[in-house]
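Down below is the structure, laid out as structure tokens.
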Amino acid sequence: MYNGAVIGFGNIVQKSHLPAFYNNRINDKIRIKAVVEPNERNRTESSVKYPALNFYASFEEMIKNEKIDFVDIAVPPGYHKEYIEKGIANNLDIICEKPFALNLEEAKALYDKLKKYSGAFVACHQYKYSGLWKEFKDAIQKVPEENNILLQFNIVRSQADAGLRIFQNPWRTDKQISGGGILADTGVHYIYLSMWMLGRPVSVRCHIGNITHNDYNVEDTALLQLVCERGISQVNLTWGGNRRHNSAFLNAQNISLQYMGGTKLFRYYDDKEDLVYIPDPSDKNNYVDLYVSLLEEFVDMINRKKMDEEMLREALLSVKILDLAYKSYEEDKTIGIDYE
């Protein structure tokens, strides 16, 4: 049994991480014993709600009193580097929410340290375990190599996730802590999905702005285009809609997929039409399952005592593309991606 501590006790931990750790598929292999939560009110109230967990105000206090094997870092991106480095200094295996660094400079510095590190590191790129995106990935395998593919993702929300009300500080709209708006917060998922499906991006073009929330000091809308080895991915994201909605499309010469939310995916392969039922990605239970799959891979990595270098490179490249996307907007041009 591997024992761990959560760093930060916000919405994502209480609604997704903890339920995943408690899941029957994984709870005999890995568990959370302790929590580091600097916010006194949240720490006090949560300790009553979760009496089985030991709560601490600082990492140093926790590490002094607990014998743990790993940390699950779920604070905002502005604090990721600090806690990843503390994890490394204490020889702990590490899980970290996305994006794993606030900016490219921090990502490169962390990548260099983690590449030499003997422990396990996993960024929360859990969307790859989704039944929906596995269907997209499988469909792409049916497309001849010489044919290009067009992917489109549309993610609509009405506002930035405010997080726990107890904090009264919507960090997602504070660029110094979040690194950016909806592109940094949600877009990173669709960046690594695009790479997973279509291969490495060759160029990036992006437009960002605010269509509803002009009081945000970050973008509420982003339109991102990635030209990849196997085709083009268009990612359209907004916090400026009037309701929550997702849709996605894949088009190639011999196959197409249409997803309009919910549990139905329409597949057209040559002259045949199929209706495929998939777990609803917006359902809380299904979302938790993605983290369970991520934890299973994390445990396997710990058992093998080997870093997954491809996953680490994916984490770095996701932040690099985010950086180039913002640069593309600032310079109003398409930017080629250098892999040197």
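The values are calculated or read from the model by the stated rules, or taken from the named source; none is laboratory data. Every value quoted in this text rests on a predicted model; they were computed, and no experiment measured them. All Cβ positions, even for glycine, are placed from backbone atoms using ideal geometry, and neighbour counts span all protein chains on display. Surface areas here come from the heavy atoms of the whole protein model, side chains and all, with no ligands, DNA or RNA. Shrake-Rupley method; radii C 1.70, N 1.55, O 1.52, S 1.80 Å.
What the table shows:
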| read-out | value |
| --- | --- |
| Residue in segment 56-69 that is free of Cβ contacts under 8 Å to residues at least 12 places away in the same chain, open to solvent by 20 Å² or more (accessible area, probe 1.4 Å), among the aliphatic types (A, V, I, L, M) and assigned to a helix (DSSP H, G or I) present | no |
| Meets criteria (within 24 Å of Ser293 (Cβ to Cβ), small (Gly, Ala, Ser) and surrounded by fewer than 21 Cβ atoms within 10 Å (Cβ to Cβ)) for Gly131 | yes |
| Single residue of Asn154, Asn169 found to be assigned to a strand (DSSP E or B) and either at pLDDT below 95 or under 21 Å from the mean Cα position of the chain (by Cα) (or both) | Asn154 |
| Flag if Ile140 is free of Cβ contacts under 8 Å to residues at least 40 places away in the same chain, in a helix (DSSP H, G or I) and β-branched (Val, Ile, Thr) | no |
| Segments classed as strands (runs of 3 or more DSSP E), wholly inside segment 253-340, with at least 3 members that are out of contact with any Asp or Glu (no Cβ under 9 Å at 6 or more places or on another chain) and farther than 30 Å from Phe70 by Cβ | 272-277 |
| Segment 229-281, subset aromatic (Phe, Trp, Tyr) and open to solvent by 40 Å² or more (accessible area, probe 1.4 Å), residue farthest from Ile182 (Cα to Cα) | Tyr269 |
| Given (1) in contact (Cβ under 8 Å) with a residue 24 or more places away in the chain; (2) within 23 Å of Gly336 (Cβ to Cβ); (3) not in a helix (DSSP H, G or I), number of the condition Tyr216 does not satisfy | (2) |
| Close pairs (7 angstrom Cβ cut-off, 6 or more residues apart or separate chains): over 30 Å from Asp215 (Cα atoms) and at pLDDT 95 or above in segment 174-200, polar (S, T, N, Q) and buried (at least 22 other Cβ atoms within 10 Å of the Cβ) anywhere | Ser194/Ser233; Leu198/Ser233 |
| Residue match in segment 215-225 (condition: at pLDDT 95 or above, under 21 Å from Phe100 (Cβ atoms), open to solvent by less than 50 Å² (accessible area, probe 1.4 Å) and under 18 Å from the mean Cα position of the chain (by Cα)) | yes |
| Failed item in (1) assigned to a strand (DSSP E or B); (2) touching a residue at least 40 places away in the same chain (Cβ under 8 Å), with Asn23 passing the rest | (1) |
| Selected residue (only one of Tyr192, Tyr216, Tyr129 is in contact with a Ser or Thr (Cβ under 8 Å, 6 or more places away or on another chain), hydroxyl-bearing (Ser, Thr, Tyr) and more than 23 Å from Asp308 (Cα to Cα)) | Tyr216 |
| Matching entry among Ala52, Ala107 (being surrounded by 15 or more Cβ atoms within 10 Å (Cβ to Cβ) and either over 29 Å from Gly187 (Cα atoms) or modelled with pLDDT of 95 or more (or both)) | Ala107 |
